[in-house]
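Step one of this worksheet: look at the structure below.
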Amino acid sequence: MSPQEQLEALCLGTETIHSKEELLKKLQEGRPLRAKLGVDPTSPDIHLGHTVPLCKLRQFQDLGHIAVLIIGDFTARIGDPTGRKSTRPVLAPEAILANAKTYEEQAFKILDRAKTEIVWNGEWFGKMGAADLLRLMARRPVAQMLQRRDFKERWQANEPIMLHELAYPLLQGWDSVEVRSDVELGGSDQLFNLLVGRDLQEQEKMSPQIVMTLPILEGLDGVEKMSKSLGNIIGVTEAPLEMFGKCMSVSDDLMRRWYQVLLTRECDPSAHPMESKKQLAAQITARFHGEDAAAQARASWEKQFSQREIPEDMPSYRLVAGEPLWQLLKNAGLAPSGSEARRMVKQGAVSLDQNKLADENQVLAAPGIVKYGKRSYLKLEL
């Protein structure tokens, strides 16, 4: 592609670019650009929300540029305050390391491993002394940091802001100096942090990076940002049928939004919403599991839910004498907790042989098929 064609392709699906003119100039230099994305391993899995900037990073790779993936093993100890109403809990070093390893592997479900530089920012921050960090923090006034929306809202609400949180944008910005990034990607809520990287590069007499923000993906509830803490996620390692089924559970409005954000195109207004949703679910499932697995997931889902048939292959559970229903659901792995099992029973979302179960303390004593929620089945055995 010509530089202009690359620019048009790269701008597709973005929210803001600082600036298109600067990006075009960099593309016209005829060299591979260094496109940076930083991720903090604060949880063990990558979900669809994480994949939005990762897919844009892959697009840079496909155009001949270099992807620089920064694993924030050091910055994860602070925790990105972006969008937070309170200070993040401090993670143990062992948890950060374990999460970082899974992030690194899962990222290659999207990125081209051969065209990716992976660096951990503990490599440079771990070598910094107290004096170095103080000099870095001296580059921005506190009043300027408090203009950041989340800090400003917490300040006005008399919510505490810890000093180490104020340092986070500077640390993220310094990553850009260390890897000499030409472009940095992030969610739209990351704009402040990304612009700090531009400022620090200019202070270091470097060509400032292009800042490219991408939409925030709403989770399964259609309201909140996709987040593991809210339980509204689809993980990239989830089984094909589970991934397909979760996609089918979203509202029609959210489906259209996911077409825009995840597939960077509009949903066909002439198609039936159910068919459009199946196509969305199939394309997302194929992205992480391949076309064959996606086709099989669609066929299984249609057999189970469109045709109201019970799946042939399901886990089994041996009945325990005197075990109440809520405990059975938890011990069998259908419910993540006893309270969740009780809630599902009260909502009428649990049935035995197609008959709803209303008593959470009921003791089941005969074989049968338990249906939990919309997609989970369990064969009871004596």
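The values are calculated or read from the model by the stated rules, or taken from the named source; none is laboratory data. Every value quoted in this text rests on a predicted model; they were computed, and no experiment measured them. Cβ coordinates were reconstructed from backbone atoms using ideal geometry, including for glycine residues, and neighbour counts include every protein chain displayed. For accessibility, only protein heavy atoms count, side chains too; no ligands or nucleic acids. Shrake-Rupley method; radii C 1.70, N 1.55, O 1.52, S 1.80 Å.
Going through region 170-214 one residue at a time, which ones are surrounded by fewer than 17 Cβ atoms within 10 Å (Cβ to Cβ) and assigned to a loop (DSSP other than H, G, I, E, B)?
Matches in region 170-214: Arg180, Glu204, Lys205, Met206, Ser207.
Please find, within region 363-382, the residue that is nearest to Pro336 (Cα to Cα) out of those that are among the basic types (Lys, Arg) and part of a strand (DSSP E or B).
Start the filter on region 363-382 by keeping residues that are among the basic types (Lys, Arg), which leaves 371, 374-375, 379.
Narrowing further to those that are part of a strand (DSSP E or B): 371, 379.
Values: Lys371: 15, Lys379: 18 Å.
For region 363-382, the residue satisfying everything is Lys371.
Return yes or no: is Gln156 over 16 Å from Val39 (Cα atoms), polar (S, T, N, Q) and open to solvent by 20 Å² or more (accessible area, probe 1.4 Å)? Give the derivation first.
Values: over 16 Å from Val39 (Cα atoms): yes; polar (S, T, N, Q): yes; open to solvent by 20 Å² or more (accessible area, probe 1.4 Å): yes.
Criteria met by Gln156.
Please find, within region 88-106, the residue that is farthest from Arg154 (Cα to Cα) out of those that are of a type in the set (D, E, K, R) and surrounded by fewer than 15 Cβ atoms within 10 Å (Cβ to Cβ). Even if it seems obvious, please write down each step before you answer.
At the first step, the residues of region 88-106 found to be of a type in the set (D, E, K, R) are 88, 94, 101, 104-105.
Narrowing further to those that are surrounded by fewer than 15 Cβ atoms within 10 Å (Cβ to Cβ): 94, 101, 105.
Working: Glu94: 30, Lys101: 33, Glu105: 35 Å.
Among those that are of a type in the set (D, E, K, R) and surrounded by fewer than 15 Cβ atoms within 10 Å (Cβ to Cβ), it is Glu105.
Which of (1) in a helix (DSSP H, G or I); (2) open to solvent by less than 50 Å² (accessible area, probe 1.4 Å) does Glu360 not meet, given it meets every other one?
(1)
Tally time: how many residues in region 320-345 are surrounded by 13 or more Cβ atoms within 10 Å (Cβ to Cβ) and touching a residue at least 12 places away in the same chain (Cβ under 8 Å)?
So the count comes out to 16.
For (1) of a type in the set (S, T, N, Q); (2) more than 31 Å from the chain's Cα centre (by Cα); (3) in a helix (DSSP H, G or I); (4) over 30 Å from Gly64 (Cβ atoms), each residue gets a yes or a no:
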site: Glu105; (1), (2), (3), (4): no, no, yes, no
site: Leu111; (1), (2), (3), (4): no, no, no, no
site: Glu117; (1), (2), (3), (4): no, no, no, no
site: Met128; (1), (2), (3), (4): no, no, no, yes
site: Leu133; (1), (2), (3), (4): no, no, yes, yes
site: Leu136; (1), (2), (3), (4): no, no, yes, yes
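What number of residues in region 215-261 are in contact with a helix residue (DSSP H, G or I) (Cβ under 7 Å, 6 or more places away or on another chain), open to solvent by 50 Å² or more (accessible area, probe 1.4 Å) and among the acidic types (Asp, Glu)?
Of the residues in region 215-261, 2 are in contact with a helix residue (DSSP H, G or I) (Cβ under 7 Å, 6 or more places away or on another chain), open to solvent by 50 Å² or more (accessible area, probe 1.4 Å) and among the acidic types (Asp, Glu).
Just for region 1-37: of the residues that are in contact with a strand residue (DSSP E or B) (Cβ under 8 Å, 6 or more places away or on another chain) and basic (Lys, Arg), which one is surrounded by the most Cβ atoms within 10 Å (Cβ to Cβ)? Please lay out each step first, then the result.
Of the residues in region 1-37, the ones in contact with a strand residue (DSSP E or B) (Cβ under 8 Å, 6 or more places away or on another chain) are 10-11, 13-19, 22-23, 26, 32-37.
Narrowing further to those that are basic (Lys, Arg): 26, 34, 36.
Values: Lys26: 19, Arg34: 20, Lys36: 28.
Residue satisfying both the conditions and the ranking: Lys36.
Output the residues belonging to region 227-262 that are of a type in the set (S, T, N, Q) and assigned to a loop (DSSP other than H, G, I, E, B).
Within region 227-262, the subset of a type in the set (S, T, N, Q) is 227, 229, 232, 237, 249, 251, 260.
The answer is Ser227, Asn232, Thr237, Ser249, Ser251.
Can you find a residue in region 47-66 that is small (Gly, Ala, Ser), in a loop (DSSP other than H, G, I, E, B), open to solvent by 10 Å² or more (accessible area, probe 1.4 Å) and touching a residue at least 12 places away in the same chain (Cβ under 8 Å)?
Narrowing region 47-66 to residues small (Gly, Ala, Ser): 49, 64.
Still in the list and also in a loop (DSSP other than H, G, I, E, B): 64.
Then drop every residue that is not open to solvent by 10 Å² or more (accessible area, probe 1.4 Å), which leaves 64.
Now restrict to residues that are touching a residue at least 12 places away in the same chain (Cβ under 8 Å): 64.
Looking through region 47-66, at least one residue is small (Gly, Ala, Ser), in a loop (DSSP other than H, G, I, E, B), open to solvent by 10 Å² or more (accessible area, probe 1.4 Å) and touching a residue at least 12 places away in the same chain (Cβ under 8 Å).
Name the residues in region 302-329 that are out of contact with any strand residue (DSSP E or B) (no Cβ under 7 Å at 6 or more places or on another chain) and either at pLDDT below 75 or outside any helix (DSSP H, G or I) (or both), would you?
Phe305, Ser306, Gln307, Arg308, Glu309, Glu312, Asp313, Val320, Ala321
Kindly establish whether Ala335 is touching a Leu at 6+ places or on another chain (Cβ under 7 Å) and over 30 Å from Thr264 (Cα atoms). Show your work before the answer.
Details: touching a Leu at 6+ places or on another chain (Cβ under 7 Å): yes; over 30 Å from Thr264 (Cα atoms): yes.
It is true that Ala335 is touching a Leu at 6+ places or on another chain (Cβ under 7 Å) and over 30 Å from Thr264 (Cα atoms).
Pairs only if they're at least six apart or on different chains, beta carbon under 8 angstrom, first in region 243-257 and under 17 Å from His47 (Cβ atoms), second outside any helix (DSSP H, G or I) and open to solvent by 60 Å² or more (accessible area, probe 1.4 Å); list them, first residue then second.
Matching pairs, first to second residue: Gly245/Lys374; Gly245/Arg375; Ser249/Lys374.
Consider region 290-319. How many of its residues are over 30 Å from Leu382 (Cα atoms), open to solvent by 40 Å² or more (accessible area, probe 1.4 Å) and in contact with a Phe, Trp or Tyr (Cβ under 9 Å, 6 or more places away or on another chain)? Quick ask: steps written out before the conclusion?
Let us first name the residues in region 290-319 that are over 30 Å from Leu382 (Cα atoms), namely 290-299, 302, 306.
Then keep just the ones that are open to solvent by 40 Å² or more (accessible area, probe 1.4 Å); that gives 291-292, 295-296, 298-299, 302, 306.
Then drop every residue that is not in contact with a Phe, Trp or Tyr (Cβ under 9 Å, 6 or more places away or on another chain), which leaves 298.
Of the residues in region 290-319, 1 are over 30 Å from Leu382 (Cα atoms), open to solvent by 40 Å² or more (accessible area, probe 1.4 Å) and in contact with a Phe, Trp or Tyr (Cβ under 9 Å, 6 or more places away or on another chain).
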